[in-house]
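These notes concern the structure reproduced below.
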Amino acid sequence: MPEPKAEKIEPVAAGASLEKWEPRIIAFLCYWCSYAGADAAGTLRLKYPHNVLIVRVMCSGRVDPELISGAFAQGADGVLVCGCQIGCCHYISGNHKTMARMPLLGRLLVEMGLEPGRFRHEWVSASEGEKFARITNEITEEVRRLGPLNWPGRLHARGVGHGEDLEPWGTPQ
Amino acid sequence: MSPLNTGGPVNGPPGGDGIRTGVFVCCCGGNISDIVDVEYVAREVGRRPGVACALVHTFICSDPGQALIEQKIAELKLNRVVLAACSPTLHQLTFRRAVSRAGLNPFLFEHVNVREQVSWVTEDLHGATQKATRLVAAAVARTRNLVPLEKRRIPIRPSALVIGGGVAGLVAARDLARRGTKVTLVESRPFLGGRMAQLHTLFPTGEEAREVLRRLMQAVVRDPLVTTFTNATILESRGVVGSFRTRIRIAPRGVNKQLNFAGSAIAACPEETVSEFDYGLGRRKAIYFAYPGCWPPMPAIDWNACTRCGRCVSAGGGKGIELDGKPYEIEVPSGVIVLATGFDPYEPLHGEYGYRIFPKVVTLQQLVRLLDPEGPTAGRLPGSGNGPLRVGFIHCVGARQWEGVHQQQADGKVNDYCARTCCTAALHAALRIRELYPDARIASFYQDIRTYGRGHEAYYERASEAGVLFIRYDAKKPPRVRLDPRGEAPLVVQAGDLLTGGRPLEVPCDLVVLATGVVPHNVSELVDMYRCAVGSDRFLLEVHPKLRPVELAVAGVFLAGTCQGPMNVTETAAAASAAASKAAAMITQGHVEMDPIIAKVDDDLCTGCRTCLAVCPYDAISRDPARKRTIVNEALCAGCGTCAAACPSDAIQQFGFTDAQVRSELAVLLEGAGAGAAVGSEAGNA
């Protein structure tokens, strides 16, 4: 089955100031491996862009696909999900579920008009600080190249779903 | 309705207003504040709803820092605490305790990592400050949805399962039994003793290894609290700390206590096979004793070599030998588990330093067997021919390897760690050779000599005084073993002498000894079963090398000895005693406290679809057929939250990571994001 192609949409929303724009990327990290891997990157004083905002979960298996689509809907320009290496899950096989869910979600997001480079799913062990820094650098560069996502705006323009409701979970505090 | 229910507004407080959050930002003595403008973070976050105070402290983990938190909780009647400091893996517990001391539930505390994940990973002061502000503000929003949680108390069964019957397992079993704990000791081989039995004398005392081991085994097997099983394989382990249930398969030994004439039975056996005890240098019968004085004091049958001819049965007196034995299974309940699965000597690759190409290239372990008076050659080295014996030792074989210099191991890695034991062991063996062959000429090719332990340096001194020639080679240009082109000696070792600027040397040798390192014994099945953390060196990984050095991340499972890293016998015994005392402390306490981060099903929302049953890695979820709802077994739930992600009706919530909590965190992290949002538009600092 061929990979679905991303819909070509003008990446920059009207009125946006691209010069000042900084991508906002959410990284869901499992506590036992990937979060420790991110710590390792810090301990090694490796540098990666400040655009990556880390959300800690106990296991990558906790990352409900709805949280990812929700993050995009709320304005994230990219989402990264990191779990333990297969075989090293602190919760035996939590990451096996991640392994099943994420590729499926990735295809779905592409179907929904998202460029594939905005969503990434990787295995990072507690000792792989360098890998974490590399991945975050790569995804930031990729998202920067793609430009702002503005998914709510895109959906709105297409009249898809609750395109009119730009706050999917009610009003933020 | 449960407080976890997602029905209410996700960004609002769970039980109405009255949230009073205290925010503390740590400078970490400049580690954070040199990059992050901590004052700005405190000022910005201080404006968020519900924040009662936002303070900066130089070292919040210090006693005065913790006292400040406690004081503010009392003074301002804080009911939420957010702390921006180092990684929660380091100090989350410290601050949960501080919060508890002030009378606040420790799970109303949120730890934000602004050091390892902010100040240490960027040099962009403005970006770092923005990132830290967002993370802290998101934590403030998240804490609004936190609810008080109580730790779970799980009772501990006062018994232990020790896996591995080498010196580590024996010491752990003995120490546990001495504290009155019932111990089940299981060994996969037919005899106890492990690798220590294969040694001759021990450094630094020079005692006979098997004599020390015999005393230890006697102490263990005579203890009525210890039950020992050999030929045992762990099939399955279920349960959690306090109530493990381990299914073990016991393979038939073929011999029981009724055997009267073990010696005659062994002599009568016509089948011979390679002795793994002598590292392939000697041969043994199919019915055999591994070593003199071994335990159990009866031979075992090697079923791979036995043809069931029956000659041993008649020679042995007609009884005590069962050639038709069947394996059986036992189930061992235990409160704690000690892993003492040990190591294997590094097996050089084919052709590594001529190993397996030249018969006169042996490993250090093989040399120890050759020098053992009870070994395959009764303590004599293979014929030295005319003239004095020439022996070359090559250190760091299978240890301290370099990527790109040394051939990769089967898993694609090189063994970059120091195997620690081989320097002293090689010098110990070299001195033994000098004792037996006073005119022997010994050359030692080394990277560094690491005789680090008490009394170890004396071996180095004595070897130097005895005229052992030390040749330092460049770690990236290891020596090479060749046939002697001049035919003077069987072999020649070629190396560059680093201390004379890499001058090439050729040392003729009758025997080349590879001072091989150690690799962990392959326990991949146990690793899967107990979900052990494994280091990049393949050894099992403790929770923390200093604070919790003998515990696995899995509660109730302890590490004893060389399954954790290279150790000599002294260190192994110390590590095993440590593991035993940690295990005993847990048993003495009678119960263990577990994090309350577990899953809970909301009956009102559960449709009984059973999606969660399929994803739970712990089989902790079951279905109540009467109510047509699923329930989570709190003792089994480890709190991964996989079910919460899978539940199609959001009926399962993970305490501490509810949808409301994660979503409120995301909402703040993404505040102002979207089309054309510029970081710079929000704040003017830098």
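Brief remarks follow.
- Subset of the range A:100-126 that is more than 15 Å from the chain's Cα centre (by Cα) and either surrounded by fewer than 16 Cβ atoms within 10 Å (Cβ to Cβ) or at pLDDT 95 or above (or both) - its residue that is nearest to A:Ala41 (Cα to Cα): A:Ala100
- Checking B:Ala646, B:Ala651, B:Ala638, B:Ala626 one by one, the residue that is small (Gly, Ala, Ser) and surrounded by fewer than 17 Cβ atoms within 10 Å (Cβ to Cβ) is B:Ala626 and no other.
- Unmet requirement for B:Gly103, which otherwise passes all of (1) away from chain A (no Cβ under 14 Å); (2) on the phi < 0 side of the Ramachandran plot; (3) in contact (Cβ under 8 Å) with a residue 12 or more places away in the chain: (2)
- A:Val55, sole failed condition from (1) at pLDDT 95 or above; (2) surrounded by fewer than 24 Cβ atoms within 10 Å (Cβ to Cβ); (3) under 13 Å from B:Thr642 (Cα atoms): (3)
- Considering each residue of the range A:3-21 in turn, none proves to be modelled with pLDDT of 85 or more and out of contact with any strand residue (DSSP E or B) (no Cβ under 6 Å at 6 or more places or on another chain).
- Looking only at residues in the range B:106-129 that are closer than 14 Å to A:Leu53 by Cβ and touching a Phe, Trp or Tyr at 6+ places or on another chain (Cβ under 9 Å), the one that is farthest from the other protein chains (Cβ to nearest Cβ) is B:Thr129.
- Pairs with Cβ under 8 Å, 6+ apart, first in the range B:260-281 and assigned by TED's automatic domain parsing to the domain that holds B:Gly379, second part of a loop (DSSP other than H, G, I, E, B) and buried (at least 18 other Cβ atoms within 10 Å of the Cβ): none
- Conditions (1) crowded, with 24+ Cβ neighbours inside 10 Å; (2) hydroxyl-bearing (Ser, Thr, Tyr); (3) in contact with a strand residue (DSSP E or B) (Cβ under 6 Å, 6 or more places away or on another chain): number failed by B:Ser119: (3)
- Counting only strands (runs of 3 or more DSSP E) that sit wholly inside the range B:498-549, those with at least 1 residues that are in contact with a Ser or Thr (Cβ under 8 Å, 6 or more places away or on another chain) are B:511-516, B:518-520.
- Residue satisfying all of: in the range B:582-601; over 21 Å from A:Val57 (Cα atoms) and touching a Leu at 6+ places or on another chain (Cβ under 9 Å); surrounded by the most Cβ atoms within 10 Å (Cβ to Cβ) among these: B:Ala583
- Residues that are closer than 20 Å to B:Leu389 by Cα, surrounded by fewer than 14 Cβ atoms within 10 Å (Cβ to Cβ), assigned by TED's automatic domain parsing to the domain that holds B:Tyr353 and acidic (Asp, Glu) do occur in the range B:413-436, at least one of them.
- In the range B:463-470, the condition of being in a loop (DSSP other than H, G, I, E, B) and charged (D, E, K, R) is met by no residue.
- Any chance B:Ser524 is more than 24 Å from B:Ala197 (Cβ to Cβ), assigned by TED's automatic domain parsing to the domain that holds B:Gly166, among the small types (Gly, Ala, Ser) and over 10 Å from the mean Cα position of the chain (by Cα): no
- The number of residues in the range A:29-68 being without any contact (Cβ under 8 Å) to a residue 60 or more places away in the chain, closer than 22 Å to A:Gly106 by Cβ and within 7 Å of chain B (Cβ to nearest Cβ) comes to 10.
- Which numbered condition A:Val79 misses (of (1) over 30 Å from B:Ala638 (Cα atoms); (2) hydrophobic (A, V, I, L, M, F, W, C); (3) within 11 Å of chain B (Cβ to nearest Cβ)): (1)
- Filtered residues of the range A:42-95 (kept if over 27 Å from B:Ser649 (Cα atoms) and of a type in the set (Val, Ile, Thr)): A:Thr43, A:Val52, A:Ile86
- Criterion: basic (Lys, Arg), surrounded by fewer than 21 Cβ atoms within 10 Å (Cβ to Cβ) and touching a helix residue (DSSP H, G or I) at 6+ places or on another chain (Cβ under 7 Å) - qualifying residue of B:Arg247, B:Arg179: B:Arg179
- Scoring B:Arg482 on the criteria (1) within 40 Å of the chain's Cα centre (by Cα); (2) without any contact (Cβ under 8 Å) to a residue 24 or more places away in the chain leaves a single failure, condition (2).
The values are calculated or read from the model by the stated rules, or taken from the named source; none is laboratory data. Everything quoted here is computed from the prediction, not taken from an experiment. Please note: Cβ atoms are built from the backbone with ideal geometry, for glycine as well, and neighbour counts cover all protein chains shown.
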